[in-house]
Amino acid sequence: MNCTQAQDLLIEWLRGELPQETEHALELHCQSCTACASERDQLQHAWTALTDWPNEDPSQAAKPRFNAMLSAYQSGMDAANERRSLLDRLDQLLAHLWPQRPIWQAGLVMSALVLGLVLGGRSTQSNQLETLEKQVDAMQQMVALTLQTAQSSSQRLEALSLVSRVKSPKDVLIQSLLTALKEDPSTNVRLASIDALARFVDREEICNNLNGSFDSQPSPLVQTALINLFAQSGYKYPLERIAGENTLDPVVRAHAQHKLDAMI
Amino acid sequence: MTDHQLMLLVRDGELQKLEPLFERHHHHLYNFFLKQTNNRTVSEDLTQDVFFRILKYRHTYRQDGQFITWMFSIGHRVKIDYYKKKSRKHDALEDPDLLAHPGPGPDDEMDIIDQRALIREAMQKLKPEQREILMLARYDEMKYEDIAKVLDIKVGTVKARVHRAMKAFSHQATQLTKGDPS
């Protein structure tokens, strides 16, 4: 074995992938070649450092975030399947009703045309409403998914701006907004999620969740926005709790007390 | 149930079967990204993105496929997209505590922390593609043939690149140990 051959085998030797005979030949070569022996020792040292480099645990938010993404994806897929299945059934029904004779086919087409002209004007509005509802549903799924998966905070902010068009939010959207408020690394996204949630704060479970997420907020800015929201919605209990919580930032506590005084 | 069996079920529409695959592999995937980016938030985002793409492209999973190899090849593309975005925006910095030099502590503990800080620093001095190939090579279940599939290169090229990356890493670690920051 020469030096080039020996050096080509060093990584496989480190990974324990060499057959015994080849390993023995490499060992013999290194005994007689100090350069290759030295390179082997250096690489072995570096390899050990690399393989001993311990792994870290991901944050506890990783699993809920995955579950929210999976659930949003599943809902989107179910909705698409439902639409497809309705269209398939309609297709089968039409195929069943379609007459065999050309004369009847022509007659049916003419009748449908006349009926369409008569009813067309009346049904346009309800069709538009139905289409609009479907689009709003799809938009909610899209917003939830973007909040969970988009890497860029500007994409997540853009998704949040669409929430202003939602009148009746689905659970998946509310959950995504609450998760964004609790766990999003960007302060701007957390502030925007408060604005988005403010429109639905009359729902008791949302208010309780906002109250629960208050203490975990690292930014006084976000805490202040939450206090404003509690005050604006007339929720005294969270404000009383915050004002009396000694571990919180004194400025934040004073702001809560100020809002509380204004309410009384 | 094996990874492959679970992934075939996901491919055929049982999306909930992705959950055990996430449980089994997200830890490895997260560390695969963390050791290259030194940023926990980015690494979690990239890990989530891989599982999202697994769902999105589940139809492309093949009957004779290997889940780990397929997952890491998606991870490879996710990482390429990340570096493209990063070069445009420069918005993802390393977590300071991952690169910081340790404070005072017991001697043994200091040695371990010093050693880890040195490995991270030596890794950061490598090219992104060198960091990636080393992370794949240190992963026990990855054979050279698998790494070749993940990176879409020949097995011979994998061997040569791992060797070069190891030499560069060893060189950087030695320089840092000697106190030369070059």
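The values are calculated or read from the model by the stated rules, or taken from the named source; none is laboratory data. Keep in mind the model is a prediction, meaning the values are calculated, not measured. Cβ coordinates were reconstructed from backbone atoms using ideal geometry, including for glycine residues, and neighbour counts include every protein chain displayed. These accessible areas exclude ligands, DNA and RNA; they are computed on the full protein's heavy atoms, side chains included. Shrake-Rupley method; radii C 1.70, N 1.55, O 1.52, S 1.80 Å.
Yes/no per residue for (1) modelled with pLDDT of 90 or more; (2) farther than 18 Å from B:Arg40 by Cα; (3) open to solvent by 70 Å² or more (accessible area, probe 1.4 Å); (4) not polar (S, T, N, Q):
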{"position": "B:His76", "(1), (2), (3), (4)": "yes, no, no, yes"}
{"position": "B:Lys86", "(1), (2), (3), (4)": "no, no, no, yes"}
{"position": "B:Ala92", "(1), (2), (3), (4)": "no, no, no, yes"}
{"position": "B:Pro102", "(1), (2), (3), (4)": "no, yes, no, yes"}
{"position": "B:Asp107", "(1), (2), (3), (4)": "no, yes, yes, yes"}
{"position": "B:Ile112", "(1), (2), (3), (4)": "no, yes, yes, yes"}
{"position": "B:Gln115", "(1), (2), (3), (4)": "no, yes, yes, no"}
{"position": "B:Leu118", "(1), (2), (3), (4)": "no, yes, no, yes"}
{"position": "B:Ala122", "(1), (2), (3), (4)": "no, yes, no, yes"}
Subset of the range A:16-39 (residues that are open to solvent by 60 Å² or more (accessible area, probe 1.4 Å), of a type outside the set (Asp, Glu) and not in a helix (DSSP H, G or I)):
A:Gly16, A:Pro19
Wholly within the range A:208-264, which helices (runs of 4 or more DSSP H) include no fewer than the required count, namely at least 3 residues that are more than 21 Å from A:Thr187 (Cβ to Cβ)?
A:236-243, A:250-263
Given the conditions (1) in a helix (DSSP H, G or I); (2) closer than 27 Å to B:Tyr30 by Cβ, every one holds for A:Ser59 apart from (1)
Name the residues in the range B:1-33 that are touching a helix residue (DSSP H, G or I) at 6+ places or on another chain (Cβ under 7 Å) and either touching a residue at least 60 places away in the same chain (Cβ under 8 Å) or of a type in the set (Val, Ile, Thr) (or both), would you?
B:Asp3, B:His4, B:Leu6, B:Met7, B:Val10, B:Phe32
Just a yes or no: is a residue in the range B:44-60 more than 13 Å from chain A (Cβ to nearest Cβ) and not acidic (Asp, Glu)?
yes
Looking only at the range A:210-229, how many residues end up being open to solvent by 20 Å² or more (accessible area, probe 1.4 Å), at pLDDT 85 or above and among the hydrophobic types (A, V, I, L, M, F, W, C)?
1
Odd one out for A:Ala106, checked against (1) open to solvent by 60 Å² or more (accessible area, probe 1.4 Å); (2) assigned to a helix (DSSP H, G or I); (3) without any contact (Cβ under 8 Å) to a residue 40 or more places away in the chain; (4) more than 8 Å from every other protein chain (Cβ to nearest Cβ)
(1)
If the Cβ limit is 6 Å and pairs must be 6+ apart or interchain, which residue in the range A:230-250 that is surrounded by fewer than 17 Cβ atoms within 10 Å (Cβ to Cβ) pairs with which residue that is in a helix (DSSP H, G or I) and not hydrophobic (A, V, I, L, M, F, W, C)?
A:Asp249/A:Pro220
Consider A:Arg190 carefully, then state whether it is farther than 24 Å from A:Glu82 by Cα, open to solvent by 10 Å² or more (accessible area, probe 1.4 Å), at pLDDT 80 or above and in a helix (DSSP H, G or I).
yes
Hey, A:Val143 away from chain B (no Cβ under 14 Å) and at pLDDT 75 or above or not:
yes
Could you go through the range A:80-100 and let me know if any residue there is touching a residue at least 12 places away in the same chain (Cβ under 8 Å), farther than 30 Å from B:Met142 by Cβ and in contact with a helix residue (DSSP H, G or I) (Cβ under 7 Å, 6 or more places away or on another chain).
no
